[in-house]
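A.B. asks: Below are the structure tokens for one structure; questions will follow.
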Amino acid sequence: MTKASNIIYYSKISGDLTELIDFRDLMTQRALTDNKISDRIVKEDDATFLQKEITKEILNGRDKLNICRSHEIINATTKQHNYFTTAKITSSKLALNITLPHSIVANYFLKAYRTTRLTIPNMHISPETIFEVKKITQTYAFEKFSLGFTSIENGRLVGFSLSVVPATTGMKGQAQCLITTLTHDSYIVDDGAKYFDVSSLIANMSV
């Protein structure tokens, strides 16, 4: 198991749902509880294959939609299920904060500051909860990040996220804001700029 967990730890984790789920933790748990999975992971490609299997399992029966490049009207499903579309962004000379408009209980996942990962299960979040996404006094305060929230509804994982990631313009150093929404029927990746002013989120980001 030690070998499998080491391979998982040092494997590249990217792609679908990684803004919502700590795949390293999830894959390690699978390997701990299933010797067949543990024995199968002998190189990095095996960890990548396991991640793809888990992703396929979660997305089974859901439509995957990437509408970032679409100029269509704002997606109604995203607007209904992703609370970041109506979140409040406040800035000061030192920090940039986000607050959500509703009270929820969800599993919180932060991906930031290079290898930083933080998961808080069953976190109680209210409009008074402050998520500090930039602070000039912190190391790596202007690097890409993701804030994700998931819960189980009727036996299925659902959730939503906000991420600042490298832009797809091809120009080094440019950032974009993505929002993803996982419902019972779909997994939607969209451009946050369709829903709110993202300029303060992507300004000066080192991506």
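A.B. asks: Cα centroids of the range 1-76 and the range 97-165: how far apart, whole angstrom?
C.D. replies: Cα centroid to Cα centroid, the span is 19 Å.
A.B. asks: Another question, then. In degrees, nearest 10, range 0 to 90: what is the angle between the Cα axis of helix 44-59 and the longest Cα principal axis of the chain?
C.D. replies: Approximately 60 degrees, to the nearest 10.
A.B. asks: Rounded to the nearest 20 Debye, what is the dipole magnitude of the range 2-59 about its Cα centre when Lys and Arg each give +1 and Asp and Glu each give -1 at the C-beta?
C.D. replies: Using Cβ point charges on Lys, Arg, Asp and Glu, the range 2-59 gives about 180 debye.
A.B. asks: To test your reading of the geometry: what angle, between 0 and 90 degrees and rounded to tens, separates the Cα axis of helix 23-33 from the longest principal axis of the chain?
C.D. replies: 30
A.B. asks: Using Cα-Cα distances under 8 Å and only pairs 6 or more residues apart, what relative contact order does the range 63-202 have, in percent?
C.D. replies: Numbers: 283 pairs, mean separation 34.9, N = 140.
The normalised contact order for the range 63-202 reaches 25 percent.
A.B. asks: Return 69, 117 ranked ascending by Cβ neighbour count within 10 Å, so the fewest neighbours appear first.
C.D. replies: Going from sparsest to densest Cβ surroundings: 69, 117.
A.B. asks: Right, here's the next one. Past the 25 angstrom mark, what percentage of all C-alpha to C-alpha distances in the range 63-202 do you count? Show your work: numbers first, answer last.
C.D. replies: Numbers: 2439 of 9730 pairs.
The share of Cα pairs beyond 25 Å in the range 63-202 comes to 25 percent.
A.B. asks: Starting from the Cα of residue 12, draw a straight line to each of the aspartates and glutamates and keep only those under 16 Å, dropping any in the same chain fewer than 8 residues away.
C.D. replies: Counting by Cα, and skipping residues close in sequence, residue 12 has these aspartates and glutamates nearby: 22, 25, 44, 45, 46, 53.
A.B. asks: So, counting K/R as plus one and D/E as minus one, what does the shell of residues with Cβ under 9 Å around residue 146 add up to?
C.D. replies: Details: positive: 111, 144; negative: 19.
Every neighbour counted, the sum reads +1.
A.B. asks: For residue 64, give me every one of the lysines with a C-alpha distance below 20 angstrom, ignoring sequence neighbours fewer than eight places off in its own chain.
C.D. replies: 52, 56, 79, 194
A.B. asks: While we're on this one: Assuming R0 = 22 Å, what is the FRET efficiency of residue 138 and residue 89, from their Cβ-Cβ distance, to the nearest 0.05?
C.D. replies: 0.80
A.B. asks: Next up: Quick check: pseudo-label points 7 Å beyond the Cα along Cα→Cβ at residue 14 and residue 35, how many nm apart are they?
C.D. replies: 3.6
A.B. asks: Which residue, chosen from 141, 164, 11, occupies the Cα position most advanced towards the positive end of the dipole of the chain, where the dipole is computed from +1 (Lys, Arg) and -1 (Asp, Glu) charges on Cβ about the Cα centre?
C.D. replies: Looking along the dipole axis, the top candidate is 141.
A.B. asks: Sticking with this structure for a sec: Counting other beta carbons within 10 Å of each residue's own, what order do 120, 21 fall into, fewest first?
C.D. replies: 120, 21
A.B. asks: What percent does the relative contact order of the range 1-121 come to when contacts are Cα pairs within less than 8 Å and at least six residues apart?
C.D. replies: Value for the range 1-121: 20 percent.
A.B. asks: Let me ask something else about it. To make sure I understand, if each residue's beta carbon is the centre and we count other beta carbons within 10 Å, what order do 164, 42 fall in, fewest to most? Display every interim value, and only then the final one.
C.D. replies: On the way: 164 25, 42 12.
Fewest to most other Cβ atoms nearby, the residues stand as 42, 164.
A.B. asks: If you don't mind, there's one more thing I want to ask. Out of 190, 63, 16, any idea which swings most in a Gaussian network model of the chain, alpha carbons joined below 10 Å?
C.D. replies: Comparing 190, 63, 16 in a Gaussian network model of the chain, the most mobile one is 63.
A.B. asks: If you take all C-alpha pairs in the range 1-148, what percent of them are over 29 Å apart?
C.D. replies: I get 30 percent for the Cα pairs in the range 1-148 exceeding 29 Å.
A.B. asks: Let's test the formula: R0 of 41 Å, r as the Cβ-Cβ distance of residue 156 and residue 130. What FRET efficiency results, to the nearest 0.05?
C.D. replies: That gives a FRET efficiency of 0.85.
A.B. asks: Would you work out the charge dipole size for the chain about its Cα centre, treating the Cβ of every Lys and Arg as +1 and the Cβ of every Asp and Glu as -1, and quote it to the nearest 20 debye?
C.D. replies: For the chain, the charge dipole is close to 460 debye.
A.B. asks: I would also like to ask the following. Just need the Rg to Rh number for the range 34-115, please, alpha carbons only, Kirkwood Rh.
C.D. replies: 1.08
Values quoted throughout were computed directly from the atomic coordinates according to the rules given, and no laboratory measurement underlies them. Note that this is a predicted model, so its numbers are computed, not measured. Cβ atoms come from the backbone with ideal geometry, glycine included; neighbour counts cover every protein chain shown.
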